[in-house]
Amino acid sequence: MGNQWGFRLHLIFISIFLCATTYTCLGFNNTSVICPEQERFALLKFKESVQDDFGMLSSWVGNDCCRWGRIQCDPVTGHVERLHLRGDWDDEFLPQTLYLVGNEVSSSLASLSHLKYLDMSWNDFQGSKIPEFIGSLKQLTYLNLSNAGLQDDMAWTFGLSSLKHLDLSFVGLYRAKNVNMVFYMIPSLEELNLHECELYFSDLGHSHNSSKIPPKIKHLDLGWSNFNGPLPRLLQNMTSLEFLDFSYFDLSLSWSFADLLNMIPSLSELHLTNCGLQNTHLSSPRLNYTTLSNIQHLDLTNNLIEGKFPSILTNMSSLSVLDLWGNMLNSSVPIMPNLIELDLSQNMFKQIEHVGIWRQCQLKKLSVSLNPFGLETIESLKNASECSRYSLERLKLGSSLYDIILESLGRLANLRELDLSFCGLTGPITESITGLRFLEVLDLSYNQLTGTIPESLGGLANLRELHLHNCRLIGPIPESVTRLRFLQVLDLSHNQLTGPIPESLGRLVSLQSISLTSNRLNGTIPVSISQLPKLHSVDISNNFLEGVVSEAHFANLSMLKHLDTSSNTGLTFNVSHGWIPPFQLVSFSYCKIGSEFPQWLQSQKTLIKLTLSNATISGSLPTWLGKMHIKFLDLSQNKLIGPLTNLPNGGKIHVSRYPFYAGLFLQDNLFNGSIPRSLCRRIDLIILDLSKNRLTGKIPKCLKNLQNLEGIRLSSNKLYGDIPRSITLFSSSLLGLKLNDNKFSGKLPRELGDLQGLTILDLGDNEFFGNIPEWIGDKLQDLMVLRLRGNNFMGRIPRSMCNISELQILDVAYNNLTGTIPRCLGRLHAMVSDTGGKSGGSDDLEEEYVNQVLKGVDRVYTTSWKIVFNMDLSSNQLVGGIPVELTALSMLMGLNLSNNHLTGFIPDSIGNMTSLESLDFSKNELTGICWRNHN
């Protein structure tokens with residue numbers, strides 16, 4: 001018996017030895033197998049062809065490319081088989097900022113003839129074509145070129161006979177003539193993604209014989225294209241198709257839901273977002289109920305389904321995921337026993353019990369945000385209960401329930417995610433929330449809560465995300481919050497929190513993002529923040545923090561991408577001159593950085609956004625700044641001097657992948673010299689602000705190249721000359737043009753009228769002359785602000801100004817205008833009623849500011865200019881009476897007609913202008929009281 005046991009042990013040992021030997025011989029971890037020299041050179045040539053600011057290819061050094069990151073080789077031959085070059089852009093909470101930028105995909109990769117897997121998605125190849133050599137990679141089974149800034153004609157697809165997975169989502173295929181051939185020429189294809197590829201119906205080759213289409217395709221995504229008409233015939237032979245995305249196909253007039261399901265009975269997942277579907281499309285006597293039972297996932301988002309819940313959906317016995325977001329349903333949802341996920345957001349449900357929150361006992365995820373649930377449903381929330389146990393794990397009620405009784409949710413004991421944002425909640429955070437012990441995500445943001453953050457929140461041991469921003473909370477940050485060891489996201493911003501940041505912050509070892517901006521926190525930044533190695537984003541701006549930020553605060557923060565400590569006047573930054581940080585920032589905002597530019601910034605190769613406004617910096621711009629790829633630069637309100645040289649070149653990185661735009665803010669400095677022609681190469685710029693400097697010379701004609709500009713501000717300099725006629729070549733996206741307080745002269749060029757998107761036009765305090773042209777009112781009808789004061793304009797106020805219905809600030813004071821005040825000015829719609837047009841302002845104008853004289857004081861209005869309504873015609877040579885029609889401008893806060901030659905009586909109806917804060921009729925020849933009122 002003992003010998004048998006020993007013999008078995010001996011066999012086991014031999015087997016283990018043989019397996020280990022085989023494993024080594026096959027090349028796994030075998031250092032003797034290296035990649036061929038030709039393939040190594042090919043990879044290095046590709047590396048040289050791209051801009052790698054984020055270090056994706058930093059490991060590509062040495063003689064053996066099989067040891068490089070993102071590469072897998074055959075363990076026996078050493079040939080490169082898999083190339084993982086997928087990029088990733090920065091997400092609000094995830095610490096990823098990785099992608100390559102290139103003018104094209106280098107043809108050197110054609111040497112990788114043994115390649116089976118190639119993923120180059122989420123990079124930026126600048127709109128170049130997919131190279132034809134891709135078609136020569138005969139062994140490819142997986143190819144992903146989605147979201148890579150590519151376009152193509154699909155000519156390379158012939159010959160990829162082994163390809164099973166092809167993803168070209170977001171590749172511009174509008175020029176392709178062979179899209180339909182993909183279905184015929186790649187017989188092994190199982191998954192095809194052509195999502196948002198700008199395809200048309202004709203691209204699918206519906207006239208071809210569909211019997212030639214291989215039946216192997218299981219996954220087909222044709223969503224977000226330009227299709228309409230009957231169902232494509234190519235679907236008829238796809239007998240293995242399980243997944244289909246037809247989103248944004250306008251097929252509502254030519255097919256029915258039944259036709260689609262009957263054509264493809266194998267479907268288990270179907271996406272029909274924004275297809276114009278109505279209730280009639282979901283009802284047909286031709287429906288095969290056997291087919292219905294196969295559907296497990298159905299997406300009918302953003303269609304026109306209204307009223308009663310469609311009965312067809314209840315007959316889908318296998319349905320586990322149903323998305324009806326953005327329809328108009330309002331009746332009770334029946335119990336669907338196998339349903340796991342249900343999204344009814346943005347419908348017309350008025351009673352929460354209609355969505356089945358207390359009846360769908362098996363549901364794990366329910367989203368009912370943006371429904372007009374009435375207050376009368378609150379009591380039913382509290383009392384109704386039809387399940388002995390609830391499975392619900394994810395519940396989103398954002399912007400639906402108002403003043404909901406939170407205790408009613410306490411019975412949902414399995415909740416992992418709870419979203420009650422924008423719900424009008426009042427009162428304190430109650431124990432019914434803190435008692436949900438499995439909670440991982442809690443969002444109570446944008447409510448009107450009272451009191452402090454309860455200590456009991458620290459008992460939610462599984463919490464990963466805590467969103468309490470814009471909640472009106474007061475008091476300190478409780479120490480108990482720092483016991484949440486799984487917490488990844490902490491957002492307590494825009495409250496009224498006081499006291500210091502807890503010293504125990506370093507215990508949150510999983511923390512990736514923290515936002516404490518816009519509170520009343522004081523004290524110093526705890527050095528324990530350096531103990532958070534996963535920290536990706538820190539925003540503690542706009543508080544009362546003080547003390548010194550040193551190298552010790554950043555010792556272990558190698559993952560840090562975003563740092564904002566601005567608007568803390570007592571906070572200073574003190575690091576050694578030669579300090580090299582452990583991180584690579586994407587955005588950095590700070591104040592009181594010192595008297596000169598921080599030298600360590602030149603080590604930040606991934607820096608795209610830099611804000612050093614009011615940072616006490618002086619001197620000239622450093623040479624190394626001109627070599628940076630910064631897209632958004634704010635150096636305003638410093639004491640910088642010298643010419644505008646060494647400005648960042650902006651690089652090739654697309655800021656559309658980030659929550660900010662390309663902008664250059666250099667206002668309120670001491671820069672001199674002319675506007676450099678090098679600025680004309682920054683074609684990515686959205687905002688250019690050079691105001692309040694000492695710049696001289698003329699506007700360079702080459703600024704016409706900046707076709708993406710929405711705002712240009714050159715005010716308060718010493719610029720001169722005419723407005724260049726080439727200014728008309730600015731994009732129609734230009735919203736704001738501010739040239740005020742300079743020495744510009746001449747007549748206004750007619751080409752200025754071609755900028756028909758202008759909302760703010762400020763040419764005040766210059767030396768322009770001639771008549772105010774009629775085309776201003778005829779062409780610039782989107783103007784909200786027109787400021788021409790302090791020039792040498794003459795002639796009459798053009799009647800065409802009465803056509804500018806959005807105008808809320810009209811300032812033509814201090815000119816030589818003659819004639820009478822046009823009566824039709826009393827019909828300026830935005831000044832008459834706040835129900836018109838854009839009087840509330842536009843998000844696109846968020847950064848704009850306007851100079852205006854009100855109550856006798858010259859003020860600068862920043863974001864508040866959107867609620868300023870003013871008319872200033874003073875200090876001209878106007879004659880005649882005050883038109884009674886002006887008294888209809890009930891929105892006006894200021895009306896100044898002083899220092900003219902007006903005669904007659906002041907209209908009795910002047911008292912109807914109830915919004916007036918400043919009224920000045922002085923220095924005229926009016927009969928009655930001399931009106932001058934600056935309350």
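Each label point was placed 7 Å from the Cα along the Cα-to-Cβ direction; for Leu670 and Lys701 their separation is 3.5 nm. Which of Lys396/Lys609; Lys605/Lys698; Lys138/Lys218 have a Cα-Cα distance over 26 Å? In this structure, Lys396/Lys609; Lys605/Lys698 lie more than 26 Å apart at Cα. Packing-based ranking of 444-454, 488-498 yields 488-498, 444-454, ordered from highest to lowest mean Cβ neighbour count within 10 Å.
In this simple spin-label model, placing a label point 7 Å from the Cα along the Cα-to-Cβ direction at both Thr426 and Gln756 gives a separation of 4.9 nm.
Under 5 Å from the amide H of Gly427 lie the amide H atoms of Thr450, each residue being 5 or more positions distant or on a separate chain, with H modelled from the backbone and absent for Pro and chain starts. With all protein chains present, calculate the accessible area of Trp775 using a 1.4 Å probe and round the result to the nearest 10 Å². Approximately 20 Å² for this residue.
Normalising the average separation of contacting C-alpha pairs (under 8 angstrom, six or more residues apart) by the number of residues puts the relative contact order of the stretch 665-721 at 41 percent. Positive-end ranking of Gly55, Leu492, Asn522 along the dipole of the chain, with charges on Cβ about the Cα centre, is headed by Gly55. Heavy atoms of the protein chains alone define the surface here; on that basis the chain has 41 Å² accessible area per residue at 1.4 Å probe size. Extending 7 Å from the Cα toward the beta-carbon at both Ser726 and Val884 defines two label points whose distance is 5.4 nm. Taking the accessible area of the stretch 528-574, probe 1.4 Å, and keeping the other protein chains in place, the carbon and sulfur fraction comes to 50%.
Note on the chain: the C-alpha convex hull projects to 49.3 nm² when averaged across all orientations. Each peptide among 606-619, 814-827 gets the average number of other Cβ atoms lying within 10 Å of its residues, and from highest to lowest they stand as 606-619, 814-827. By the rule of a C-alpha distance below 20 Å, with chain neighbours fewer than 8 residues away ignored, the lysines paired with Lys866 are Lys738, Lys838, Lys855. Applying a DSSP loop filter and a limit of 16 other Cβ atoms within 10 Å to the chymotrypsin sites (Phe, Trp or Tyr not before Pro) in the stretch 122-167 leaves Phe158. Extension gain for Thr862-Asn63 works out to 281.8 nm (0.36 nm per residue, less the C-alpha to C-alpha distance). Multiplying the residue separation of Ser161 and Gln351 by 0.36 nm and removing their Cα-Cα distance gives an extension gain of 62.8 nm. Proximity of backbone amide H atoms, modeled 1.01 Å from N, is registered between Ala148 and Trp122, Asn123 at under 5 Å, excluding neighbours fewer than 5 places apart on the same chain. Counting only DSSP beta bridges with both residues in the chain, the antiparallel share comes to about 10 percent. Taking amide H positions as modeled 1.01 Å from N, with prolines and chain starts lacking one, the residues under 5 Å from Thr611 and 5 or more places away or on another chain are Phe588, Ser589, Tyr590, Asp634. Only helices enter the 222 nm calculation for the chain: every DSSP H run of n ≥ 4 contributes -39,500 (n - 2.57), and dividing by all residues gives -2000 deg cm²/dmol, rounded to 500.
I'd like to know which of Ser674, Ile760, Asn193 lies farthest towards the positive end of the charge dipole of the chain, counting +1 on Cβ of Lys and Arg and -1 on Cβ of Asp and Glu. Ranked along the dipole, the leading option is Ser674.
Determine how large the accessible area of Val441 is when every protein chain is in place; take a 1.4 Å probe and give Å² rounded to the nearest 10. So the heavy atoms of Val441 present about 30 Å² to solvent. A straight Cα-to-Cα reach below 18 Å connects Lys718 with the aspartates and glutamates Asp668, Asp689, Asp741, Asp762, Asp765, Glu767, residues fewer than 8 places away in its own chain not being considered. May I ask you to list the residues of the stretch 864-893 whose amide nitrogen lies under 18 Å from a point 7 Å from Cα along the Cα→beta-carbon direction of Asn816? Those under the cut-off are 874-879. Compared with the dominant principal axis of the Cα atoms in the chain, helix 2-25 is inclined by about 50°.
Annotation: extensible slack from Arg796 through Asn262 equals 185.0 nm (criterion: 0.36 nm per residue apart, minus Cα-Cα distance). Once both axes come from the Cα atoms, what is the angle between helix 37-49 and the longest principal axis of the chain, in degrees from 0 to 90, rounded to 10? So the inclination is approximately 20 degrees.
Its relative contact order, with pairs defined as Cα atoms under 8 Å and 6+ residues apart, puts the stretch 471-587 at 20 percent.
The values are calculated or read from the model by the stated rules, or taken from the named source; none is laboratory data. For clarity, every value in this text was computed on a predicted model and none was experimentally measured. Every residue, glycine among them, receives a Cβ derived from its backbone with ideal geometry; neighbour counts consider all protein chains shown. Ligands, DNA and RNA are excluded from the accessible area calculation, which covers all protein heavy atoms including side chains. Shrake-Rupley method; radii C 1.70, N 1.55, O 1.52, S 1.80 Å.
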